[in-house]
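A.B. asks: Before we start, here is the structure in question, set down as structure tokens.
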Amino acid sequence: MYFHYYGQLLHQQNMLQDFVRTGTYYAAVMENRSDFEGRVVVDVGAGSGILSLFAAQAGARHVYAVEASEMSEHAQRLISGNPSLGQRITVIKGKVEEVELPEKADILISEPMGTLLVNERMLESYVIARDRFLVPGGKMFPTTGRIHMAPFSDEYLYVEMANKALFWQQHNFFGVDLTPLHGSAFQGYFSQPVVDAFDPRLLVSLPTYHMLDFTSMKEEELYEIDIPLNFVASVGTRVHGLACWFDVLFNGSTVQRWLTTAPGSPTTHWYQLRCILSQPLYVMAGQEITGRLHLVAHSAQSYTIYLTMSAKMWGEGAEQGGILQTSTAKLELKEPYYRLSQPQPYVMQQDQQQQQLPSLQPPQGSGQQMQDGLSPSITIEPDQDSAAFTR
């Protein structure tokens, strides 16, 4: 089913039309021509072959486009239709775990990212391709990835999810009492991660991140990913769960280029992802929020998400106190709720005359601009008016 999905042109078009995605890949390749000129390139999971064509444009000596789905036939036609580039590209149908190549690669290029970076488990194939085909010291585009996380408050989203289960509160549905199933239905809706774009002012604290270094990590490290959580609330509010997004770095010899899916940056086809707690936490400004995000891979090309979030004792006597509240969630990354809404302005009363969001400039250049995982122009600051987080 996975290969059938990506074997259809309409899904390839959806990705190609993501200008942030495609434009960033193009910029990363063309700005780092010195990494490609005269080099052998392997395109891992080539899809339509667009990245292979970019590598050829940058002067690659030869590109091996490895694609396991039926899309390899479309890629061959596209490459053949661009003969000045296509003469240096060989399409190979098969899995990177199984195919044989006539020579080693100086550089790997791929687009292995899924929702929350790891969904679809293609990162494992990317790492396997590194071990099988890349020369020692060879480059990988992308080079590293980061999963960013921060607690959020969104009363409207929480109510929307809870209301989905109201159907099961009917006592007389054609003479049948449905209420015995309400609890299971309620938990079922909260087991779906929400995929949409949200206003970064919903975040309750500065984000943290978990780094994945594609150049050195082992395949087994992707089977289970365990991320400790520790935040300090910037406002007093209800915490409804954990917001997540990712970015990847193309560590070129000439230019370092980031591709980000952060809230407040131009929206991509990945959007962002939020894990909602069925039991929200109540926090005060300055209160510590701890927990754990545990991802366990499974055979359906995805992960089960186990989330725990706790609010630690706050105020006088906190040094002697322990956990005040704890809430847990089990979610299925493969079965998200695609809300896909565009972020709406969350306007504070004093800002109603201006009604402007922060500048939405995409991150470029060095990692210093992206050190908090947000768009460079966006900051999370304590505010006495908690309405900024509750509309």
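The values are calculated or read from the model by the stated rules, or taken from the named source; none is laboratory data. These numbers come from a predicted model, not from an experiment. Reconstructed Cβ throughout: ideal geometry from the backbone, glycine too, with neighbour counts over all protein chains shown. Quick note on the areas: whole protein, heavy atoms, side chains included, nothing else; ligands and nucleic acids left out. Shrake-Rupley method; radii C 1.70, N 1.55, O 1.52, S 1.80 Å.
A.B. asks: Tell me, what ³J(HN,Hα) does each residue in the stretch 209-215 have, in order and in whole Hz, if you take phi through Karplus 6.51 cos²θ - 1.76 cosθ + 1.60 with θ = phi - 60° and put x for Gly and Pro?
C.D. replies: Values per residue, Gly and Pro as x: 8, 10, 8, 10, 9, 5, 7 Hz.
A.B. asks: Could you please state how large a percent of the accessible area of the stretch 162-247 is carbon and sulfur, counting protein chains only and using a 1.4 Å probe? Intermediate values should be presented prior to the final figure.
C.D. replies: On the way: 2150 of 3840 Å².
Answer for the stretch 162-247: carbon and sulfur cover 56 percent of the accessible area.
A.B. asks: Continuing with the same structure: Quick check: at a probe of 1.4 Å, how many percent of the accessible area of the stretch 1-111 sits on carbon and sulfur atoms?
C.D. replies: 54
A.B. asks: Can you check what the net charge comes to around S184, using other residues whose Cβ is under 14 Å from the Cβ of S184 (Lys, Arg +1; Asp, Glu -1)?
C.D. replies: Once all neighbours under 14 Å are counted, the net charge is +2.
A.B. asks: Non-local amide H neighbours of G114 (under 5 Å, H modeled in plane, Pro and chain starts lacking H): which ones?
C.D. replies: Close amide H contacts, sequence-distant or interchain: N119.
A.B. asks: Then there is this: From zero up to wherever the largest Cα-Cα distance of the stretch 1-111 sits, split into 5 Å bins and tell me the percent of pairs in each.
C.D. replies: Binned Cα distances yield the sequence 2, 13, 24, 26, 21, 11, 3, 0.
A.B. asks: Here's a follow-up. Quick check: the distance between the Cα centres of the stretch 267-302 and the stretch 9-55, to the nearest angstrom?
C.D. replies: 31
A.B. asks: If the convex hull of the alpha-carbon atoms of the stretch 165-315 is projected onto planes in all directions, what is the mean projected area in square nanometres?
C.D. replies: For the stretch 165-315, averaging the hull's shadow over all directions gives 13.3 nm².
A.B. asks: List, in the order given, every pair from K93/K330; K95/K334; K104/K334; K164/K334; K93/K139 whose Cα-Cα distance in the structure shown is over 28 Å.
C.D. replies: The answer is K93/K330; K104/K334.
A.B. asks: If you add up the charges near A162, with Lys and Arg at +1 and Asp and Glu at -1, over every other residue whose beta carbon is less than 14 angstrom from its beta carbon, what do you get?
C.D. replies: Net charge around A162: -1.
A.B. asks: Additional query: From the phi of every residue in the stretch 37-51, what ³J(HN,Hα) in whole Hz does the Karplus formula 6.51 cos²θ - 1.76 cosθ + 1.60 yield, where θ is phi - 60° and glycine or proline is x?
C.D. replies: Each residue of the stretch 37-51 in turn: 4, x, 9, 8, 10, 10, 9, 8, x, 5, x, 6, x, 5, 6 Hz.
A.B. asks: Of the peptides 322-330, 228-236, how do they stack up when ordered by the mean number of other Cβ atoms within 10 Å, highest first?
C.D. replies: 228-236, 322-330
A.B. asks: Need one word for the stretch 237-284: rounded, prolate or oblate. Basis is the Cα gyration tensor (sqrt eigenvalues a ≥ b ≥ c); a/c below 1.5 gives rounded, then a/b vs b/c decides.
C.D. replies: On the way: a/c = 3.71, a/b = 2.81, b/c = 1.32.
Prolate shape, in that a/c is at least 1.5 and a/b is the bigger ratio.
A.B. asks: Here's another thing I want to ask about it. Can you work out the base-10 log of I(q)/I(0) for the stretch 93-174 at q = 0.20 1/Å, using the Debye formula on its C-alpha atoms alone?
C.D. replies: Scattering profile of the stretch 93-174, log10 relative to I(0): -0.97.
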